[in-house]
1. How large is the Kirkwood hydrodynamic radius of the chain, in angstrom, based on all distinct alpha carbon pairs?
2. Treating segment 36-97 as a set of equal point scatterers at the Cα positions, no solvent, please give the Debye-formula log₁₀ I(q)/I(0) at q = 0.15, 0.17, 0.19 Å⁻¹.
3. Rounded to the nearest 10 degrees, what's the angle between the helix 105-116 long axis and the longest principal axis of the chain, both from Cα atoms, 0 to 90?
4. What distance in nm separates the two pseudo spin-label positions at residue 142 and residue 103, each 7 Å out from Cα along the beta-carbon direction?
5. Name the trypsin sites (Lys or Arg not before Pro) in segment 1-50 that are in a loop by DSSP and that have at most 16 other C-beta atoms within 10 Å, would you?
6. Could you tell me which chymotrypsin sites (Phe, Trp or Tyr not before Pro) in segment 168-225 are loop residues by DSSP with no more than 11 other beta carbons within 10 angstrom of their beta carbon?
7. Name the residue from 146, 229, 171 whose Cα lies farthest towards the positive end of the charge dipole of the chain, charges +1 on Cβ of Lys and Arg and -1 on Cβ of Asp and Glu.
8. Dipole of the chain, Cα-centred, from +1 at each Lys and Arg C-beta and -1 at each Asp and Glu C-beta, to the nearest 20 debye?
Amino acid sequence: MTAESSLHLTNRPRRLRCTSTLRSMVQETQLRVADLIYPLFVMEGEGQKVEVDSMPGCYRYSLDFLLKEVAEGFELGIGAIALFPLIPDAQKDNAGTESYNPDGLIPRTVRAIKQQTPEIVVITDVALDPYSNQGHDGIVENGKILNDQTVAVLVKQAIAHAEAGADMVAPSDMMDGRVGAIRKALDERGFIDVSILAYSAKYASAYYGPFRDALDSAPKFGDKKTYQMDAANAQEALKEVALDIAEGADIVMVKPALAYLDIIHRVRKHTNLPVAAYNVSGEYAMIKAAGQQGWIDEKKVILETLLSIKRAGADLILTYFAKEVALMLR
Ligand code: PBG
């Protein structure tokens with residue numbers, strides 16, 4: 001009798017880990033390229049691709065270069081992109097007027113993508129911050145962010161995006177009532193098939209820092225705590241999700257992802273809608289930084305991280321790693 005067989009154990013969980021074939025048979029969660037949404041930064045100009053300092057491997061693209069990136073992503077199986085614009089300072093104002101210019105950067109970009117790669121799902125961000133000279137997601141008056149006046153502008157922005165051909169609009173501003181107002185306005189204009197991906201539980205997070213570098217959109221005063229959620233709150237996330245569902249959201253999102261895996265899990269239990277999670281810029285930057293130092297095995301950490309977001313309950317993941325992962329999973 002060998003030492004190994006001396007114990008008479010009823011259960012030996014290791015049995016199902018013996019070979020890689022067995023392990024893959026009992027694998028509970030899979031990461032697929034089709035689960036990924038690729039966020040992309042677009043800027044004015046031609047022939048330009050500028051790396052974001054705090055997001056190595058991530059670029060702001062002029063439209064011609066962006067189209068190449070979109071085509072390559074689609075070839076690799078990425079079915080959806082989320083667009084974010086870098087707006088020149090001269091076009092920024094307190095009311096975010098440029099956000100609903102029908103010939104603005106985002107509508108032009110959407111039209112060009114839809115012409116080139118009609119099958120890709122184009123998701124546009126609905127919020128004022130890239131267009132605001134205050135760096136806030138809403139109109140500012142005496143240091144306060146006005147809710148209802150902001151919603152009126154968000155509605156115009158969403159319509160401009162739908163008219164340009166966006167498949168999905170994604171309000172990321174956290175104003176109250178914006179999902180319902182956008183749904184009503186889209187329906188009144190016949191855009192019944194344009195979906196709403198609602199940033200429902202979006203926290204006031206320090207993990208957005210690199211994104212604000214990318215878009216030059218950091219708040220000019222204060223922080224975003226009067227509209228984005230307190231990191232301490234979980235019940236409130238369910239309240240926000242319930243409201244967005246009642247107002248007509250098609251997909252609900254939790255953001256950021258990693259420090260909020262418990263929230264993803266709770267939201268998953270709460271709704272039958274698809275749940276998205278945003279693996280945000282700061283989460284990307286931390287992995288890239290440690291990878292560059294040689295302190296972690298970057299590729300493995302990326303896959304493990306995204307898998308954890310799916311295991312927590314997300315169906316869809318917005319991630320700057322999308323293209324790298326598509327290459328890895330090929
Ligand atoms: C703005 C917006 C932000 C992000 C997506 N949309 C930043 C913010 O709210 O300040 C962050 C994304 C990221 O960090 O990757 N409405």
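1. On the way: mean 1/r = 0.0483 Å⁻¹.
Result for the chain, one decimal place: 20.7 Å.
2. With one equal scatterer per Cα and no solvent, log10 I(q)/I(0) is -0.51, -0.64, -0.76.
3. Relative to the chain, helix 105-116 is tipped by roughly 60 degrees.
4. 3.9
5. Numbers: sites: 14, 15, 17, 23, 32, 49; in loops: 32.
Filter output for segment 1-50: 32.
6. On the way: sites: 191, 199, 203, 207, 208, 211, 221; in loops: 191, 221.
Hits after loop and neighbour filter: 221.
7. The listed residue farthest towards the positive side: 229.
8. 1340
Only the coordinates and a few stated rules stand behind these numbers; no lab work does. If you're wondering where the values come from, they're calculated on a predicted model, not measured in any experiment. All Cβ positions, glycine included, derive from the backbone under ideal geometry; neighbour counts span all protein chains shown.
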